[in-house]
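The values are calculated or read from the model by the stated rules, or taken from the named source; none is laboratory data. As the structure is a computational prediction, the values presented were derived from the model and not from experiment. Methodologically, a virtual Cβ is constructed for each residue, glycine included, from the backbone with ideal geometry; neighbour enumeration extends over all protein chains shown. Just the protein is used for accessible areas: all its heavy atoms, side chains included, with ligands, DNA and RNA removed. Shrake-Rupley method; radii C 1.70, N 1.55, O 1.52, S 1.80 Å.
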Amino acid sequence: MTIVHNRQIANQIFEMTFTGELVSKMTEPGQFLHIRVGDQVIPLLRRPISICDVDLEEKRCTILYRAEGEGTKLLSNKRVGDSLDVLGPLGNGFPLHSVVEGETAILIGGGIGIPPLYYLSKQLVQRNVRVKHILGFATRKDAFYVNKFEQLGETAVTTIDGSLGYQGFVTDYVNHENPAFDVLFTCGPTQMMKAIEEQMNPNRGYYSFEERMGCGIGACFACVCPVKNDSTGHEYRKVCSDGPVFPQGVIQL
Ligand SMILES: Cc1cc2nc3c(=O)[nH]c(=O)nc-3n(C[C@H](O)[C@H](O)[C@H](O)COP(=O)(O)OP(=O)(O)OC[C@H]3O[C@@H](n4cnc5c(N)ncnc54)[C@H](O)[C@@H]3O)c2cc1C
Ligand code: FES
């Protein structure tokens with residue numbers, strides 16, 4: 001894949017677009033890419049990053065990433081024209097068929113869990129599903145893609161310090177506004193998704209997990225999560241190959 005742009009759009013958040021034949025396979029929102037971040041042996045492991053947007057005609061894919069650790073900082077140093085070693089698309093994404101024309105989907109994202117919801121929202125809108133977004137950030141400086149989500153549907157923003165939008169967590173906003181919806185899609189810290197599930201108790205809910213990964217293809221067990229209500233204590237699911245998106249009630253939040 002060839003990098004078309006790589007620029008900072010918020011505090012530590014970068015937007016990278018690249019082009020290549022692989023993009024034609026990126027049709028399912030919620031899937032992720034496994035990206036080799038450097039040319040050296042260290043860091044050895046690829047980094048999983050969600051597909052944020054895809055232009056199938058132009059064969060372009062956009063990812064958003066937080067340059068925080070060793071690997072993502074290396075990614076932020078890449079330049080236009082550099083080639084990028086990308087595996088994927090991997091995993092099972094958000095099920096578009098779970099919501100039908102005329103219904104309302106609520107998409108709730110926290111921080112760097114927000115990117116996969118953008119491609120999801122675009123595809124839902126194309127299917128005449130009404131979308132509502134709730135996007136949670138720490139502060140105004142951390143916020144990104146708010147205008148882009150607003151172009152697709154109703155969008156509420158929350159910040160912990162109140163510097164942008166509603167002051168508090170996404171769950172504080174939900175408590176206050178009690179928004180109506182048919183299906184819930186969410187991605188962000190597990191604690192956030194747990195609080196959302198307890199508070200909203202959706203009939204239909206889909207949760208995307210961002211566990212630490214090793215192989216990304218189901219071989220190393222680095223990404224296992226415990227199954228809900230498992231009496232044996234030995235049942236688990238692999239986020240990389242069984243997920244990263246799971247329906248309500250499968251994973252112990
Ligand atoms: C399916 C999936 C999709 C993801 N999508 C995105 C995305 O679109 N954009 C994005 O920026 N990140 C995403 N992540 C998280 C991203 O993979 C990690 O943040 C990244 O691997 C960290 O690499 P690093 O080299 O920066 O950090 P490291 O040097 O490995 O670690 C730096 C810090 O990040 C923490 N960290 C590392 N991996 C994770 C993780 N998976 N989840 C939470 N904290 C982690 C570490 O505890 C440490 O504090 C996704 C993860 C998964 C599993
Ligand atoms: S990352 Fe290796 S099994 Fe999931």
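Points to keep in mind about this one:
- Excluding exposed DSSP-loop trypsin sites (Lys or Arg not before Pro) (at most 11 other C-beta within 10 Å), longest clean stretch of the chain: 80-211
- Neighbour-limited loop hits for GluC sites (Glu not before Pro), the range 84-161 (at most 11 other Cβ within 10 Å; DSSP other than H, G, I, E, B): 101
- Less than 5 angstrom separates the built amide H of residue 157 from those of 135, 166, all sequence-distant by 5 or more or on a different chain.
- Residue 227 long-range amide H proximity, modeled H, under 5 Å: 235, 236, 237, 252
- Solvent-accessible area, 1.4 Å probe, carbon plus sulfur percent, for the range 191-244: 45
- Helix-only mean residue ellipticity at 222 nm for the chain, each DSSP H run of n ≥ 4 adding -39500 (n - 2.57), per residue, nearest 500: -4500 deg cm²/dmol
- Charges were assigned to the Cβ only: +1 to each Lys and Arg, -1 to each Asp and Glu. The resulting dipole of the range 1-76 about its Cα centre is roughly 240 debye.
- Anisotropy class of the range 95-253 from Cα gyration tensor, a/c 1.5 cut: prolate
- Compactness relative to 2.2 N^0.38 Å, alpha carbon Rg of the range 1-116: 1.10
- Relative to the Cα centre, the charge distribution of the range 99-181, modelled as +1 at Lys and Arg Cβ and -1 at Asp and Glu Cβ, gives a dipole magnitude of about 260 debye.
- Accessible area of the range 50-94 belonging to carbon and sulfur atoms, whole % at 1.4 Å probe: 39
- With θ taken as phi - 60° and the Karplus curve 6.51 cos²θ - 1.76 cosθ + 1.60 applied, the whole-hertz 3J(HN,Hα) list for the range 77-90 is 8, 5, 10, 4, x, 5, 9, 10, 8, 10, 9, x, x, 10 Hz, x standing for glycine and proline.
- In a simple Cβ point-charge model (Lys, Arg +1; Asp, Glu -1; nothing else charged), the chain has a dipole of about 440 debye relative to its Cα centre.
- Taking the DSSP beta bridges with both ends in the chain, the antiparallel portion is around 55 percent.
- Applying a threshold of 26 Å to the alpha-carbon distances of 25/122; 59/148; 25/228; 73/141 flags 25/228 as lying beyond it.
- Across the options 160, 2, 225, the greatest Cα extent toward the positive end of the charge dipole of the chain (unit charges at beta carbon of Lys, Arg, Asp, Glu) belongs to 2.
- Considering only 88, 100, 143, the residue lying farthest towards the positive end of the dipole of the range 88-178 is 88, judged by Cα position with unit charges set on Cβ.
- For the range 123-171, the per residue solvent-accessible surface stands at 50 Å², with DNA, RNA and ligands left out and a 1.4 Å probe.
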